Amino acid sequence: MAIRKLVNVADMSREWWDDLYSRCRDIIARPGVYADSCRGKILASMFYEPSTRTNFSFQAAAQRLGAGVFGFSDPVGTSASKGETLADTIRMTAAYSSTIVIRSPQEGSATASALYSEVPVINAGDGGHSHPTQTLTDLTTIAQKRGKIGNIRIGLCGDLKNGRTVHSLAEAMEMFEGVSFYLISPKELSFPDYVLDRMNQVGQKYEVSESLADVIPELDVLYMTRIQRERFKDAGEYRRLKDIYILTKKLLEGAKKDMQIMHPLPRVDEISTDVDTDPRAAYFEQARYGMLIRMALLLEFMHLPREVPPVTLSDPYAAAGECTNPACITLSDTYLPRLVSRSGSDRCGYCDKKVTSMLL
């Protein structure tokens with residue numbers, strides 16, 4: 001089942017995931033077979049926001065497949081600093097490349113990019129909204145470490161409000177049976193409404209807790225996240241919350257012996273360094289699996305033919321109103337068509353935040 005973009009987890013299906021993971025396992029088993037599989041293809045790497053693992057892993061994945069890479073890790077050196085629109089940057093970049101990967105602090109930027117690109121677009125993180133290739137990384141790690149995905153209790157701990165990785169993981173787990181979540185955060189950093197609404201709509205099982213110590217004995221996977229300083233407007237609020245959860249050797253004494261400890265990285269101080277030697281710590285392996293599953297993804301996308309994008313949309317849910325989320329791409333790029341996704345309530349088709357006044 002082929003897809004032409006990966007901007008949200010909703011672009012994935014269980015069948016597509018199974019095929020992708022099967023390809024990834026073959027890459028792990030026979031890496032030499034794939035060394036020239038994308039020779040002559042080019043990845044465009046557009047990082048409007050700082051990144052280490054995601055940026056490096058995409059570049060390494062492309063190069064291990066024999067593809068070339070060009071791009072930027074700071075938009076200051078590009079025409080975006082002169083006022084060029086995202087749409088024009090995407091059109092130009094697509095002309096030079098086989099696949100585009102984009103990270104941006106603006107929510108919905110990858111969705112917007114896919115509207116104007118002749119080549120596949122991959123979301124490498126859009127603000128606090130979504131990070132689907134990190135989700136592929138997480139699914140690969142769980143599958144590799146446990147042998148399967150399903151019948152599992154996952155603790156999501158830390159900044160669940162701004163943590164795009166946990167937003168995407170929660171949605172992806174709808175594809176698997178017997179998954180339940182423990183949502184561990186202070187009230188100020190709990191899941192956004194649109195994530196909880198979706199979990200409730202599909203009947204996803206979850207419990208809410210402010211105490212990691214209380215629930216850690218129940219967990220098969222503990223997914224730690226950092227408190228994201230860059231998403232806070234109030235520095236004092238960040239300082240008050242930043243050390244609220246710290247995983248230590250002592251705290252792990254109450255956990256299962258085979259529990260996996262995962263983290264999308266970078267960490268700050270939410271996992272003590274003495275945990276690194278614990279056999280349950282999987283976060284550095286997780287980073288390597290990220291490169292391998294991205295190899296599988298690029299192998300699929302880079303061989304897709306160019307396709308004229310649907311620049312002028314006639315979407316049945318196109319709308320005249322505007323999203324009021326200050327982080328949404330539509331507030332800066334006002335030329336974008338207004339889109340509404342309907343999943344229980346009207347939401348912006350770019351950032352998924354509720355739309356209260358939409359003219360349909």
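Which of the following residues is modelled with pLDDT of 90 or more, more than 17 Å from the chain's Cα centre (by Cα), among the aliphatic types (A, V, I, L, M) and farther than 19 Å from Q134 by Cα: L219, L183?
On the way: L183 fails: farther than 19 Å from Q134 by Cα.
Of the residues listed, the single one that is modelled with pLDDT of 90 or more, more than 17 Å from the chain's Cα centre (by Cα), among the aliphatic types (A, V, I, L, M) and farther than 19 Å from Q134 by Cα is L219.
Within segment 250-279, if we keep just the residues that are open to solvent by 30 Å² or more (accessible area, probe 1.4 Å), among the charged types (D, E, K, R) and part of a loop (DSSP other than H, G, I, E, B), the residue that is farthest from V121 (Cα to Cα) turns out to be E253.
Take the residues of segment 64-79 that are small (G, A, S) and not in a strand (DSSP E or B): which is nearest to E307 (Cα to Cα)? Break it down stepwise before answering.
Kept after step one, since they are small (G, A, S), are these residues of segment 64-79: 66-68, 71, 73, 77, 79.
Adding the requirement that they be not in a strand (DSSP E or B) leaves 66-67, 73, 77, 79.
Details: G66: 23, A67: 20, S73: 27, G77: 29, S79: 25 Å.
Top of the filtered list is A67.
Being modelled with pLDDT of 95 or more, open to solvent by less than 70 Å² (accessible area, probe 1.4 Å) and not in a helix (DSSP H, G or I) is not true of L313.
Scanning segment 90-111 for residues that are touching a residue at least 24 places away in the same chain (Cβ under 8 Å), surrounded by fewer than 20 Cβ atoms within 10 Å (Cβ to Cβ) and of a type outside the set (D, E, K, R) turns up Y96, P105. Screening segment 116-163 for residues that are surrounded by fewer than 24 Cβ atoms within 10 Å (Cβ to Cβ) and charged (D, E, K, R) and picking the one that is farthest from C24 (Cα to Cα) gives K161.
The lone criterion from (1) surrounded by 15 or more Cβ atoms within 10 Å (Cβ to Cβ); (2) without any contact (Cβ under 8 Å) to a residue 24 or more places away in the chain; (3) not polar (S, T, N, Q) left unmet by G83 is number (1).
Of the listed requirements (1) open to solvent by 70 Å² or more (accessible area, probe 1.4 Å); (2) more than 18 Å from A114 (Cβ to Cβ); (3) part of a loop (DSSP other than H, G, I, E, B), E15 misses just one: (3). Scanning segment 18-73 for residues that are β-branched (V, I, T) and open to solvent by less than 40 Å² (accessible area, probe 1.4 Å), which turns out modelled with the highest pLDDT? Out of the qualifying residues, it is I27. Filter segment 153-180 for residues that are modelled with pLDDT of 90 or more, out of contact with any strand residue (DSSP E or B) (no Cβ under 7 Å at 6 or more places or on another chain) and charged (D, E, K, R); which is nearest to H129 (Cα to Cα)? Of everything passing the filter in segment 153-180, E171 is nearest to H129 (Cα to Cα).
The values are calculated or read from the model by the stated rules, or taken from the named source; none is laboratory data. For clarity, every value in this text was computed on a predicted model and none was experimentally measured. FYI the Cβ positions are ideal-geometry reconstructions off the backbone, even for glycines, and counts take in every protein chain you see. Remember, those area values only see protein heavy atoms, side chains included, never the ligands or the DNA or RNA. Shrake-Rupley method; radii C 1.70, N 1.55, O 1.52, S 1.80 Å.
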